[in-house]
Amino acid sequence: MRNHLSLSLIFLLLIGESNGVFATAPEQRVTLQGNAGGKRFDGIGVVDGGGATSVLLKDYPEPQRSQILDLMYKPKFGASVNALYVEIPGDGNSTQGSMPSHMHKRDDLNYSRGYIWWVMQEAKKRNPKLSLDATAWSAPGWVGDQGPVFAKNAGSDEKGDLNFFSQDTANYYVKWLQGLRQVYGLELDAIGIRNEKGVSYDFSKALRTTLTANGFKSTKIHAFDNWPDDWKFNFVKDMLTDKDLRDSIDIIGAHINPPESFTPASVRELAESLDKPIWNTEQHVYKAGYDGLISMVQGFNENFVRSGATKIVNWYGIAGLYTMTPYSGEKEAAIRANWPWSAHYQLNPVLWGYAHYGQFTEIGWTYLKGGSGDLTAGGTYVTLKSPASDYSIILETKDATTQQRVSFEIGGGLSSNRLAVWRSNEKEHFARQDDLEPVNGVVTLTVDPHTVYSLTTTRGQRKGGFDKIPEIKAFPFPYYETFEQYADPKQWGYLPRYFSDISGAFELTACPGRKGRCLRQMTPVPTISWGPDWQPYTIIGDDAWQDYEVSTDVYLQPGDAAAVMGRVNHVGTGFGVIPKGYFAQLDDSGQLRLVVIRGKADPKKLEGDAEQQALIKAQNDSSAGGEKLLATTQLAGIAPKRWHKLALRFSGSTITAVVDGKAVLSATDTLYGKGMAGLMVAASHNRVSTPYFDNVLINRLNGTLPKPATAIAGQRSVYPRSAR
C-alpha cells in the first residue's frame, strides 16, 4: 500500500533521483475553485491518415494487431487518447501515401474499400466515449467538374484546389457520412473543410446547408485548418459581420505548433465573443526519445495556456507504413507498426506523453478557470475538472533549470481525496509515485526540471503493455503474390497485404480474360491531390534489396501504359510523390521504356509547408532530378486486352527489361543500388491508366518459382463476414 504523505514530508516528495542537486525556486501558490467554471475540454488525440498511416497496421497478425490498438485507444492502459481525427480517403497522395475513395467516379459508391472504417470501428470499440472527426486531404478528380464551384478567399488558386470547393464536395462528404452511419454504425462529431488548402466562405456555408438537409445537423464544422501564421486566422474577424459564415462554422480550427506558433490574443478575444472554441487540428512533435514525451505534454499544455485551444490532435498516432517512406514513425508516431510480416512493433516514449493526459481526463471535463498557467521557474500546468468533483493537474518543466515548489489550494467543489501522482523523467517513463494527501486543503509538491507530472483524484491508471513481442524479421524473399488467397476481396477492403499505394488506388478485382483475382488501378482521372502529383504507383518489399527480378502479368486497356518498378528508395519528402528508382513501362502499342526516375526535376524547389521547406533546404540536393530515359524500343505483337509478362531485372549496374520471357532492353546505370519493388501506371492531364496486374513475383536472379504468399499465423481480414 502506498504511503500518504503529510505536509511535513513535502520536501522529499517527487525529488526522485535528483538527490537535491538542483536549487529550489521560491514557492508558487495556485488557488483552485471547483465552481470557477471554464472552457470545455474537447480532448487530446491523434490523426490517422494524412498519409495512409495504417496501410500496414491492417496486415498485422493477431494478437499483435489488437495489442497495438489497445495501446493507442484503450482507456487507462496506454496512450488512451480520447479523440481520433481521420482522413476521408480521396485516392490522391496526402503525405506518405493514398487511400481508396468510396467514390472513384460520380456513379460509383462502395463502402467497403480501404481500412479507415475499420480503424474507426476498432478505436470506438475500445473507447465508446472517443470523439470522431474527419476531413479530406485529397479527392477524386471528378469532384467539382459539374455544378457550382465556390470562390476561394485565401490559399492556392490551382485548378484542382479551386474545384474542391464545390457542391460536389459537400455531397461527396455526405455520402461518406451516410456510409459511416448506415454500414458501420458510427457518427462523426465534427468535420473539417479541407486540410491545409485555403479558405472558402461559400463552401463552408454550402457544407453546413448540405449536412443539415441530409440529417447531419449535429455534425459540427471546424474551419479552415491551415498552417500559415500570417493568414490562417484572418477569416475570424469576418465572422463578426457575416452571419451565414458565423452560423456555418462551429469551431475555429488551425494548425498550431507551440512554442513557435500560437493563437494571437486578438483572435482569442474574437473567438470568446463569438462563443466559438479553438481547436488545434494538427500539431507536430517530431522528437525522438524522452524529448518527444515531454515535448508532447508541453505542447498540450501550451496549446491551452497560450492559444486557448480546447482540443489538440497530433499527427500522427500509429506508424503502419514502410520505413522508407517519409515521416515513417521513428520520431513522429507513438507506436511503430512498420513490420507486419514479423509481427514486431515498437513503442516510442511519446506514447506515455499522451498517457499523461489521456489516462487522467475525459472529453466534457472543464479547464478550470484560474487553474492553468506558467510555472515561475519554467514550465506549465493545466487543471481539468470532471463534471463531478474529481480533478487532474498536468505539469511539465521542460524548460526549467531548477527545482520549484508549487502549492495548490483546493477550494470548494473539488474532491478532498488524496492525489495519485504519476511521473516521467529521462530515466523512467510514466511511473506511479507515492500518493499525496492534502493538508488543511493544500497540496504542495516539489518538481524537478525536465520532468512531467500528472496528479489526479481519479484511479485506475496503469502502464499497460504486452510480453513477448516478436523480433524484427526481414520482408519475406522471394515473394510471390497471385491474389488468389483473397476469396472475398470485400473482407480485405479490396487491398492485398503489404502493397502500399503511394498515389492512386490499386484494388483486388476479378481478372479479365482468365479466372481468378487480379490487382487493378481504379482511379480513371487525375485526383485533386493534396500535394504535387505524378503517376499512380504502389510499392512492396524491402528497401535493402539489391539484385533481384520483379515481374508481373499485365493486361492493358486501350490507351493504357503500365510499369514494374525496382530499387525504389524514395517516394517523395512528404509533399509530392515523385520517386527515385527504376521502371520498365509498356504501353498498348508495344512501346517499351527503361527509365531511371530521380525524384522531382528541381530537387531544391521549395514546396509545401514551413516544415517541408526547411527539410528541402537542409537536404541541399544539387543532383539532377526528373526522368532519364535509359533505353527504349518498339515491340511487335503487343495490343490491348491481352495478357503479357513484364519484368525488370537488376544485376549490379546492369538493368534489363524483359517482356514475355525475352530480354528486350538493357542499360548500365550506377545511380541506385538497392530499393523496393513496385507497380505503376501512366497518367496524363485528363486520363489515368487502369490496367490489371497478376502474379507479382519478386525473386532471386534465375531463381525457381516459390510458393504463392499466404496469410501468416494470426492474420485476419479487416471486415470479416460476421461483422458485415
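The values are calculated or read from the model by the stated rules, or taken from the named source; none is laboratory data. The model shown is predicted, which means the values in this text are computed figures rather than measured ones. Cβ: placed from backbone, ideal geometry, glycine included. Neighbour counts: every protein chain shown. For accessibility, only protein heavy atoms count, side chains too; no ligands or nucleic acids. Shrake-Rupley method; radii C 1.70, N 1.55, O 1.52, S 1.80 Å.
Dividing the convex hull volume of the alpha-carbon atoms in the range 392-475 by its residue count gives 149 Å³ per residue. For the range 123-132, backbone phi angles converted through the Karplus equation (6.51, -1.76, 1.60; θ = phi - 60°) give residue-by-residue couplings of 5, 5, 4, 6, 9, x, 8, 4, 8, 10 Hz, Gly and Pro being listed as x. Remark: for residue pairs K580/K605; K628/K662; K152/K604, the C-alpha separation exceeds 20 Å in K628/K662; K152/K604. A crude spin-label estimate for the pair D547 and V439, with each label 7 Å from Cα along the Cβ direction, gives 7.5 nm.
Can you give the % of DSSP beta bridges in the chain that are antiparallel, to the nearest 5? In the chain, DSSP labels about 75 percent of beta bridges as antiparallel. Surface exposure of the range 293-339, expressed per residue as accessible area with a 1.4 Å probe, stands at 15 Å². Of the trypsin sites (Lys or Arg not before Pro) found in the range 87-162, those in coil by DSSP whose Cβ has at most 16 other Cβ atoms within 10 Å are K105, R106, K129. Once a ≥ b ≥ c are taken as the square roots of the eigenvalues of the Cα gyration tensor of the range 253-362, is the result rounded (a/c under 1.5), prolate (a/b larger than b/c) or oblate (a/b not larger than b/c)? It comes out prolate by the Cα gyration axes.
Extension gain for the segment K515 to N686, taken as residue separation times 0.36 nm less the Cα-Cα distance, is 58.4 nm to one decimal. Here, P(r) means the percent of Cα pairs in each 5 Å bin from 0 to the largest distance; for the range 214-286 it is 3, 15, 28, 24, 15, 8, 4, 1, 0. Is the range 657-724 rounded, prolate or oblate when judged by the Cα gyration tensor, a ≥ b ≥ c being the square roots of its eigenvalues, rounded requiring a/c under 1.5 and prolate requiring a/b larger than b/c? In terms of gyration-tensor shape, oblate.
By how many nm would the segment from A487 to D247 grow when fully extended, if each residue of separation counts as 0.36 nm and the alpha-carbon distance is taken off? Could the numbers behind the result be given before it?
Values: separation 240, 0.36 × 240 = 86.40 nm, distance 4.88 nm.
Fully extending the segment from A487 to D247 adds 81.5 nm.
Cβ-Cβ distance of L240 and L109, R₀ of 41 Å, FRET efficiency by 1/(1 + (r/R0)^6): the value works out to about 0.55.
In summary, the aspartates and glutamates within cross-link reach of K645, defined as a Cα separation below 16 angstrom excluding same-chain residues under 8 places away, comprise E481, E549, D553, D560, D587, D588, D660, D694. Summarise the accessible area of the chain (1.4 Å probe, protein heavy atoms) by the percent that is carbon and sulfur. Roughly 49 percent of what the probe reaches on the chain is carbon or sulfur.
At an R0 of 60 angstrom, the distance between the Cβ atoms of E272 and E62 translates into a FRET efficiency of 0.80.
Measure nothing fancy, just the Cα-based angle from helix 265-274's long axis to the longest principal axis of the chain, in degrees from 0 to 90, nearest 10. Helix 265-274 sits roughly 90 degrees off the main axis of the chain.
From its DSSP helices (H runs of at least four residues, each -39,500 (n - 2.57)), the chain gives a residue-normalised ellipticity at 222 nm of -4500 deg cm²/dmol.
Put a plus charge on the Cβ of each Lys and Arg, a minus charge on the Cβ of each Asp and Glu, and nothing anywhere else: the dipole of the chain about its Cα centre is then about 1560 debye.
For a 25 Å ceiling on Cα separation, which of these pairs sit above it: K74/K490; K39/K129; K331/K468? Too far apart for the 25 Å limit: K74/K490. The orientation-averaged shadow of the Cα convex hull for the range 54-96, equal to a quarter of the hull surface, comes to 3.9 nm².
Checking every one of the trypsin sites (Lys or Arg not before Pro) in the range 675-722 against DSSP loop status and a limit of 12 other Cβ atoms within 10 Å picks out R700. Applying a DSSP loop filter and a limit of 15 other Cβ atoms within 10 Å to the trypsin sites (Lys or Arg not before Pro) in the range 489-526 leaves R514, K515.
In this structure, the amide hydrogen of I88, modeled 1.01 Å from its nitrogen in the peptide plane, lies closer than 5 angstrom to those of T135, A136, W137, counting only residues at least 5 positions away or on a different chain. How high is the FRET efficiency between Q619 and A388 when r is their beta carbon distance and R₀ equals 51 Å, given to the nearest 0.05? The pair Q619/A388 has a calculated efficiency of 0.45. Remark: the range 141-274 carries 41 Å² of accessible area per residue (probe radius 1.4 Å; ligands, DNA and RNA excluded).
Does the range 512-582 come out rounded, prolate or oblate by the C-alpha gyration tensor, with a ≥ b ≥ c the root eigenvalues, rounded set by a/c under 1.5 and, if not, prolate when a/b is larger than b/c and oblate if not?
Since a/c reaches 1.5 but b/c is at least a/b, the shape of the range 512-582 is classed as oblate.
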